[in-house]
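Okay, so here's the structure we're looking at.
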Amino acid sequence: MLALQTTPPSIHLITRQNPRRDGLDHLQTPSSDTLSVIAVVSPKAAKMFKKDISSAPKQKLKSSVQRALRQSLLTSYPLLNPYIDEVMPKKASLEQMKLPDRCSLYVCEQEPLFFQADSPTLLPHLKLVHRFPQAFPTIRIDRGAIRFVLSGATLMAPGLTSPGGRLPQPRDGDEGPDEEGHWSREMEKGEPVVIMAEGKTEACAVGFLVAGTKEVKDKGKGPVVEDAHFLGDGLWRLVLD
């Protein structure tokens, strides 16, 4: 089970009985289940979406800016390459919505795509991850960690190294498919990562590694992921007018 870290460090980045309205019904568990840009994201930025946020006017981006964003995404997320024309059609209009705390959300045809939280780093919105789950690197937490993810807590190693968790285990050298068919490689401290959950089919959070995956497997303890965006948070609930 993952523990809650009350004072997470700064992160150095390289690059149902009744349906719930917040989209968390498929993640409910019994109460007994107990790279190209360097930037720094503060704990405040990582926690900003815990509160509700209001929609704001959107600004259409110039074609040159759209091309630059597209290239940045392909550099940071190589697995996105087969899907990039669906994510950002060349003739579609990409818009920017400025949110509190120097955060920007990028929207295409009323679909949230990526956001920037107090840094140049582009992170995928979970709704985009759900549309293209194979386009982003993932790790998996055990069932007991789900409630911590949904509170925005810093995730600790035991929830990833337990039998229900999964860290990268490439079978062919440093990069390749793992036993479950996920394209896998060891990841470094500071890289963005998508968090899956044991027994669930859709991702529940996006965050940053505060320790490399090989180090986590070797040590088996300590903080591993700082949440930036999770199911049911303010960014998930944001209504795009």
Report summary line: Of the residues in segment 173-206, those that are over 22 Å from Ala228 (Cβ atoms), modelled with pLDDT under 90 and assigned to a loop (DSSP other than H, G, I, E, B) come to Gly173, Asp174, Asp178, Glu179, Glu180, Gly181
Requested in this report: Working only within segment 83-99, note down all residues that are of a type in the set (D, E, K, R), within 21 Å of Leu235 (Cβ to Cβ) and either outside any strand (DSSP E or B) or modelled with pLDDT of 95 or more (or both).
Outcome: Glu95
Query - Single residue of Thr121, Thr161, Thr138 found to be among the polar types (S, T, N, Q), touching a strand residue (DSSP E or B) at 6+ places or on another chain (Cβ under 7 Å) and modelled with pLDDT of 90 or more - result: Thr138
Query raised in the report: Which one of these does Asp101 not meet: (1) closer than 19 Å to Phe230 by Cβ; (2) surrounded by 14 or more Cβ atoms within 10 Å (Cβ to Cβ); (3) more than 13 Å from the chain's Cα centre (by Cα)?
Result: (2)
Report task. Filter segment 123-172 down to residues that are basic (Lys, Arg) and surrounded by fewer than 17 Cβ atoms within 10 Å (Cβ to Cβ) and give me whichever is farthest from the chain's Cα centre (by Cα). Result -> Arg171
Requested in this report: Would you check if Leu73 is in a helix (DSSP H, G or I) and either over 30 Å from Ser162 (Cα atoms) or touching a helix residue (DSSP H, G or I) at 6+ places or on another chain (Cβ under 9 Å) (or both)?
Outcome: yes
Requested in this report: Looking at (1) closer than 29 Å to Lys58 by Cβ; (2) surrounded by fewer than 16 Cβ atoms within 10 Å (Cβ to Cβ); (3) charged (D, E, K, R), find the lone condition where Asp233 falls short.
Outcome: (2)
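The values are calculated or read from the model by the stated rules, or taken from the named source; none is laboratory data. All values derive from a computational prediction rather than experimental measurement. FYI the Cβ positions are ideal-geometry reconstructions off the backbone, even for glycines, and counts take in every protein chain you see.
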